[in-house]
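Novice: Just dropping this structure here.
The values are calculated or read from the model by the stated rules, or taken from the named source; none is laboratory data. Quick caveat: nothing in here was measured; it's all calculated off a predicted structure. Cβ placement follows ideal geometry from the backbone for every residue including glycine, while neighbour counts extend to all protein chains displayed. Protein only, heavy atoms only, side chains kept; ligands, DNA and RNA dropped before computing areas. Shrake-Rupley method; radii C 1.70, N 1.55, O 1.52, S 1.80 Å.
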Amino acid sequence: RVLPINGIPFLVTILSVAPNEKLEIKFIEPHTAPDSWKSFPISPRNLQATKISTSETLDELIVNLKRTGILSSSNIETGLRSIDRVHFCPENPYHDCAVDIGKKEYGMCISSPHMHVLGAELLTGHFETAKKCLDVGSGSGFFTAFMQHLAPQAQVWGIEYFRDLVETSTNTIQEHYPSLFQKMKILQGDGEKGLLAEAPFDIIYVGFMCKKDPETLLSQLAPGGRMLCPISLNQHSYYDPRCEGGNYVCFDKQLDGSIRRTELFLCSFVPSQTQGAS
């Protein structure tokens, strides 16, 4: 949904709502602490339905992401222009929706552009100082390359469950971004187990829905580090039949090792493959 406030449209994600149910709208302000994000109640009748943005060019996509208030950082806009989604999507690269990748039986997809941008905005303060980053469920390899561009001083690893996707993403990045690939590695493995040999990581980005808080990944997060991870609410996703509905959760590890857990907003992601395909 899009909610116009003072003439400015804000993107609102709703999994389901009863006709007379009251909603609380939360403003996503990635550059401030999540517990300071402003919220207010609203009736569902005041929400305006909108179609998925079907941009045909990268410029159009960027304009739409700015218009909805999702894209705000100049370095992330530069990253979107530098790591072009067209190389990672088999079709409709600039539509603001998830797109199939890999074999049909995998049921895998590259996340919508607005989710990648929201993730990057939430990690902006960490990219500058990160030494090690981990992209869990790296899929097409887009966000892995995106992170390497945004944190050029860091070593970035991707973990992907399906061998075909590991090979495809590796070939894509080697062909189009060879200088980035010199500091990157994409490995096949069970993402929920992380990469203990290279831990701890300053940034961990999880691109699939976990059933519960991934304690193994949290143990591999460095003090002062941040992990973004979708956590399932055991709901069907009305956004995409391939996906599950859940909460997008920010985990910040304090310097004393304690974890600050903040539920940010509702989201839809493909489920973990740990108990799935081989």
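Novice: Looking at the range 83-97, I want the residues that are farther than 15 Å from Asn171 by Cβ and have a partner that is among the polar types (S, T, N, Q) and open to solvent by 20 Å² or more (accessible area, probe 1.4 Å) with Cβ atoms under 6 Å, at least 6 apart or on another chain. Which pairs are those?
Specialist: Qualifying pairs under 6 Å: His95/Thr54; Asp96/Ser53.
Novice: Next up: Determine whether the range 107-127 contains at least one residue that is without any contact (Cβ under 8 Å) to a residue 60 or more places away in the chain and surrounded by fewer than 16 Cβ atoms within 10 Å (Cβ to Cβ).
Specialist: No; the residues of the range 107-127 include none that is without any contact (Cβ under 8 Å) to a residue 60 or more places away in the chain and surrounded by fewer than 16 Cβ atoms within 10 Å (Cβ to Cβ).
Novice: Just one of (1) over 16 Å from the mean Cα position of the chain (by Cα); (2) at pLDDT below 95 trips up Ser232, so point out which.
Specialist: Every condition holds for Ser232 apart from (1).
Novice: Can I ask one more? Right, Glu128: at negative phi and touching a Pro at 6+ places or on another chain (Cβ under 8 Å) or not?
Specialist: Answer is no for this residue.
Novice: Let me ask something additional. Can you tell me which residue in the range 67-86 is least open to solvent (accessible area, probe 1.4 Å), limited to those that are basic (Lys, Arg) and at pLDDT 95 or above?
Specialist: Filtering first and then ranking leaves Arg85.
Novice: Restricting attention to the range 235-278, report how many residues are among the acidic types (Asp, Glu) and either within 21 Å of Ile203 (Cα to Cα) or at pLDDT 90 or above (or both).
Specialist: Matching residues across the range 235-278 total 3.
Novice: Moving on. In the set Glu215, Glu244, which member is among the charged types (D, E, K, R) and within 16 Å of the chain's Cα centre (by Cα)?
Specialist: When all the criteria are applied, what remains is Glu244.
Novice: Residues that are within 20 Å of Ile110 (Cα to Cα) and either aliphatic (A, V, I, L, M) or at pLDDT below 90 (or both): does the range 43-50 have at least one?
Specialist: Within the range 43-50 (the criterion being within 20 Å of Ile110 (Cα to Cα) and either aliphatic (A, V, I, L, M) or at pLDDT below 90 (or both)), the answer is no, since none of the residues qualifies.
Novice: Only one residue in Asp202, Asp213, Asp256 is within 17 Å of Thr124 (Cα to Cα), open to solvent by 10 Å² or more (accessible area, probe 1.4 Å) and not β-branched (Val, Ile, Thr), so which one is that?
Specialist: After applying the criteria, what remains is Asp202.
Novice: Another question, then. Let me spell it out: the conditions are (1) farther than 22 Å from Leu118 by Cβ; (2) buried (at least 22 other Cβ atoms within 10 Å of the Cβ); (3) not acidic (Asp, Glu), and Gln182 meets all of them except one. Which number is the exception?
Specialist: Of the numbered conditions (1) farther than 22 Å from Leu118 by Cβ; (2) buried (at least 22 other Cβ atoms within 10 Å of the Cβ); (3) not acidic (Asp, Glu), the odd one out for Gln182 is (2).
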